[in-house]
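Engineer: Attaching a single structure in structure tokens format; questions to follow.
The values are calculated or read from the model by the stated rules, or taken from the named source; none is laboratory data. Small disclaimer: the values here were computed from a predicted structure and weren't measured. With ideal geometry, Cβ positions are generated from the backbone for all residues, glycine too; neighbour counts draw on all protein chains shown.
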Amino acid sequence: MAIWLPRLAIDRWRLAEACQRGEGADAAPLALIAETAQGLRIAAANDAGLAAGAVPGMMLADARAVCPALAVGPSDPGGDRAFLERLALWARRWGPWAAVDEPDGLCVDVTGAAHLFGGEARLLADVEAGCAARGLAARMAIAPTAGAAWALARYGAERAILDSFSPSSLRAERSTPGHHAGRPGVLRGLSPRNDERISEALADLPVAALRLDGAALLVLRRLGLKRLGDLHGIGRDALKRRFRDRSPDANPLLRLDQLLGRRPEPLLPVIAVSAPLVQRRLLEPIRYRELLDRVVADLAADMEHALEARGAGARRLELGLWRVDGDAAFRTLELAAATREAAHIARLFAARLDDVEAGFGIELARLRATWTEPLACEQGALGSAGEEQGTSLAVCIDRLSVRLGAAAVRRPVAHASHIPERAQRWQAPLEPDAPEQEQMMFHARPLKLLDRPEPIEVLYATPDGYPRQFRWRAGLHEVVRVAGPERIAPEWWRQKGSARLRDYYRVEDSVGRRYWIYRHGIAGDGRGGPPLWYLQGLYA
Amino acid sequence: MDLSAFPPVGALLSPFTPAPRWQPGRVGARHSEVFASAEEASGAAAALALWVDGRRAAEGAALEERPWLWVQDAAALRRSGRPYRPGLPAALRRGLIHVAARKAEDALFALEEGVRCRDLAGVIGEIAGNPRALDFTASRRLSLAAERHGVPLFLVRLDAARDLSSARMRWQVRAAMSPPARWNPQAPGAPAWHAELFRARGHVPGEWILTDDEHGLDASQHPGAPDHGDLAAAAGDRSLAAR
């Protein structure tokens, strides 16, 4: 079932103003405006505004010229989206799950649920009554596929119902999947009989019912294809050649297959999640650190129970401390791996509470787990096992990143690049590895790389010859052995055309110190003056 | 005369035999210090080689890929660079977790948390100079934690004076000329270091040329060092008390 709320923004505004349709503030022409790069543009208008000539998408200045009395209010797309999500949760009263259909619709799965309301027609009447009671203008339709329901809700008759076959036959076909192959004429998914029925029923709808973007609709209009029935006369191959885009928004063939049920269309249902929350109201406001530590330890123990009950572990925790004098302090903690160990949580928070101002005292402490992950129950440590066996890796990393900052504890991972300093990237220690290419065996890379290559002065026999001697950090190094050059060209697909290549040399000096140095550019490459030398790496 | 009634000479001498000389292929100490210059990577490289050598002795030739920690303070990071993954031995690349501490205190905290963690295969620390926070007490804490939890700790001291420390083995390392590379005699070969063990519990001090090739760590007697035989080595700054 698809529900379309064509006047969502205006209905929300009217609810906020608490006036009936066409009365009070709604009686005068009004437009909700959005700021765009070109100026103020009308996002939605009420009935009086539409009658006065304000059309959504029009510039406000143009609308004012047509109707000088037009009142304006700000539009609120974020609020509309949040309202739609709450509405999707509410719409689950008609089906087991509901998805938001941006920007102004909902999709509810009512498969096998219509009989609870006395049939599909009564179900739709119930939906209409529910929406009207909330002051929302809505159009709705029921169809075997989400695409068909979407099309009927927007372009079909009022409360259209397209039932392919009776629920009993649907149930029979679904319950005996093994017989499908044996029965003639029955293919995967919906039967061909079914998609023919859908295409017949929807043949008169405009092509806009395919949920396409503006450019694809323009192409279809220029081709003279105005109705869905027009598309059936054209071979699949021709459509496939004309529309090669893989995104369904721009490909009528994909949309048509989704509409007819030949291609699956997964929808993302909205599910309500509540964050585990524990709190302590304190009879006597606390002003001292030891008491606060005690309260935090109690909260962590409560949180452990709350998380254990749902089989989850916390990844992010937020501690709120409300003061008597009307101020509040918040501390957020992120953990490297899901955990619910009370002692660990309390210890990590203790490191973050040093700078909390207690003022006249803290009267309410609340701990919320804003991000949780599933975590199975484990055998607890027996006796003093934790003291003897040491900590786990996740606990160690949590402690380090709470004290030193998350940016200080990282792990190098390979990155596909020729430039040495770009060939490794840093990520959080417990994140999984991305797939990587094997290292070239003949590349001998240094053990350590300086963060910034340091300029060196080099003596060499010929401009392109081996370096003989160099000075680095006020020390003179006589080159005894050298291997190279290894030429690493700039990445032309990323860097500017004026970037210079690098010739790398592995060198060993007279006392055995091994370095990685490079010459930046070649003499006479037309990309700057004489090439400079840098020292970038230190070999083992 | 039946000589079997007498104890063998070795048993008589045993309380007086000097401690054995260090050699590669044995499980090393839990807490070692490596002194080196910040202008070369020898300190960290020798620490890695000694650690891998000790792990091979304990676990067998094929190393298990386990996480390990490399802690650097800001001065060490600035002066001697950051670990570079493609340059690490292949078995160690995946497990590296790098900690960039701002101060020496933070680095010591990270080292101690590291040796307390049972999942880590080892901890390498790099601290430049002789910070006030790294005194004998701090070093003793690290030794005790490392020995209690069995996680080997190598602390690389860059450009540092030999101060008081409770490390079980203390090395002074500098780069040495590498053996000629196999295919190109002009090129630098396998890494080699001149390593001096100047203070150790259970070993006599000595000097070696360490070479780390694909077969593992190899130690040869330093040609310049006189063979003292059973004589006590020069006192240096080691304790004169009987060991």
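Engineer: Just checking, how many residues over region A:483-519 are of a type in the set (Val, Ile, Thr) and away from chain B (no Cβ under 14 Å)?
Structural biologist: Qualifying residue count, region A:483-519: 0.
Engineer: Filter region A:147-165 for residues that are within 19 Å of A:GLU196 (Cβ to Cβ) and either part of a helix (DSSP H, G or I) or touching a Cys at 6+ places or on another chain (Cβ under 9 Å) (or both) and give the result.
Structural biologist: A:GLY147, A:ALA148, A:ALA149, A:ALA151, A:LEU152
Engineer: Continuing with this model, one more query. Tell me the residue from A:ASP80, A:ASP26 that is modelled with pLDDT under 85, out of contact with any Asp or Glu (no Cβ under 7 Å at 6 or more places or on another chain) and assigned to a helix (DSSP H, G or I), please.
Structural biologist: Going through A:ASP80, A:ASP26 in turn, the sole match is A:ASP26.
Engineer: Still on this structure, please answer the following. Of all residues in region A:400-458, how many are more than 10 Å from chain B (Cβ to nearest Cβ), surrounded by 16 or more Cβ atoms within 10 Å (Cβ to Cβ) and within 30 Å of the chain's Cα centre (by Cα)?
Structural biologist: Counting residues in region A:400-458 that are more than 10 Å from chain B (Cβ to nearest Cβ), surrounded by 16 or more Cβ atoms within 10 Å (Cβ to Cβ) and within 30 Å of the chain's Cα centre (by Cα) gives 1.
Engineer: Just give me the residues in region A:500-515 being among the hydrophobic types (A, V, I, L, M, F, W, C) and either within 19 Å of A:LEU450 (Cβ to Cβ) or assigned to a strand (DSSP E or B) (or both), in sequence order.
Structural biologist: Listed by number, the list holds a single entry, A:VAL507.
Engineer: Could you check, for region B:66-76, whether at least one of its residues is modelled with pLDDT of 95 or more, crowded, with 18+ Cβ neighbours inside 10 Å and touching a Pro at 6+ places or on another chain (Cβ under 7 Å)?
Structural biologist: Scanning region B:66-76, I find at least one residue that is modelled with pLDDT of 95 or more, crowded, with 18+ Cβ neighbours inside 10 Å and touching a Pro at 6+ places or on another chain (Cβ under 7 Å), so the answer is yes.
Engineer: Check region A:520-527 and report whether any residue there is within 13 Å of chain B (Cβ to nearest Cβ) and buried (at least 17 other Cβ atoms within 10 Å of the Cβ).
Structural biologist: No: region A:520-527 contains no residue that is within 13 Å of chain B (Cβ to nearest Cβ) and buried (at least 17 other Cβ atoms within 10 Å of the Cβ).
Engineer: Being crowded, with 20+ Cβ neighbours inside 10 Å and over 26 Å from A:ALA65 (Cβ atoms) narrows it down to one of A:ARG41, A:ARG12, so name that one.
Structural biologist: A:ARG12
Engineer: Also, I was wondering about something else. Could you list all residues from region B:152-189 that are over 26 Å from A:TRP516 (Cα atoms) and either within 14 Å of another protein chain (Cβ to nearest Cβ) or surrounded by 23 or more Cβ atoms within 10 Å (Cβ to Cβ) (or both)?
Structural biologist: Those that are over 26 Å from A:TRP516 (Cα atoms) and either within 14 Å of another protein chain (Cβ to nearest Cβ) or surrounded by 23 or more Cβ atoms within 10 Å (Cβ to Cβ) (or both): B:PRO152, B:LEU153, B:ALA167, B:ARG170.
Engineer: Which residue, of B:GLU40, B:GLU113, is within 18 Å of the chain's Cα centre (by Cα) and within 13 Å of another protein chain (Cβ to nearest Cβ)?
Structural biologist: Selected residue: B:GLU40, the only one of B:GLU40, B:GLU113 that is within 18 Å of the chain's Cα centre (by Cα) and within 13 Å of another protein chain (Cβ to nearest Cβ).
Engineer: Within the bounds of region A:29-48, is there any residue that is basic (Lys, Arg) and at pLDDT below 85?
Structural biologist: Looking through region A:29-48, none of the residues is basic (Lys, Arg) and at pLDDT below 85.
Engineer: Got at least one residue in region A:71-90 being polar (S, T, N, Q), under 28 Å from A:THR36 (Cβ atoms) and in contact (Cβ under 8 Å) with a residue 12 or more places away in the chain?
Structural biologist: Scanning region A:71-90 turns up at least one residue that is polar (S, T, N, Q), under 28 Å from A:THR36 (Cβ atoms) and in contact (Cβ under 8 Å) with a residue 12 or more places away in the chain.
Engineer: What's the number of the condition A:LEU254 fails, among (1) touching a residue at least 24 places away in the same chain (Cβ under 8 Å); (2) surrounded by 13 or more Cβ atoms within 10 Å (Cβ to Cβ); (3) in a helix (DSSP H, G or I)?
Structural biologist: Here A:LEU254 meets the rest and fails (1).
Engineer: With the structure loaded, tell me whether B:LEU50 is more than 10 Å from chain A (Cβ to nearest Cβ) and under 17 Å from B:PHE154 (Cα atoms) or whether it fails that test.
Structural biologist: Here the answer is yes, as B:LEU50 does meet what is asked.
Engineer: Exactly one of these conditions fails for A:ALA113: (1) within 29 Å of A:PRO29 (Cβ to Cβ); (2) modelled with pLDDT under 85. Give me its number.
Structural biologist: Going through (1) within 29 Å of A:PRO29 (Cβ to Cβ); (2) modelled with pLDDT under 85 one by one, A:ALA113 breaks only (1).
Engineer: Only one residue in B:ARG56, B:ARG85, B:ARG78 is within 30 Å of A:ALA423 (Cα to Cα), within 14 Å of chain A (Cβ to nearest Cβ) and out of contact with any Lys or Arg (no Cβ under 9 Å at 6 or more places or on another chain), so which one is that?
Structural biologist: B:ARG78
Engineer: Another question, if that's okay. Out of curiosity, is A:THR370 more than 10 Å from chain B (Cβ to nearest Cβ) and of a type in the set (Val, Ile, Thr)?
Structural biologist: The answer is yes for A:THR370.
Engineer: Identify the single condition in (1) more than 10 Å from every other protein chain (Cβ to nearest Cβ); (2) modelled with pLDDT under 95; (3) buried (at least 23 other Cβ atoms within 10 Å of the Cβ) that B:ALA133 does not satisfy, given that it satisfies every other one.
Structural biologist: (3)
Engineer: Continuing with this model, one more query. I'd like the residue in region A:64-81 that is of a type in the set (A, V, I, L, M) and either within 11 Å of A:PRO29 (Cα to Cα) or not assigned by TED's automatic domain parsing to the domain that holds A:ALA9 (or both) and, out of all such residues, is farthest from the chain's Cα centre (by Cα).
Structural biologist: A:ALA69
Engineer: Can you tell me which of B:GLU40, B:GLU59 is under 30 Å from B:ALA107 (Cα atoms), at pLDDT below 95 and surrounded by fewer than 19 Cβ atoms within 10 Å (Cβ to Cβ)?
Structural biologist: B:GLU59
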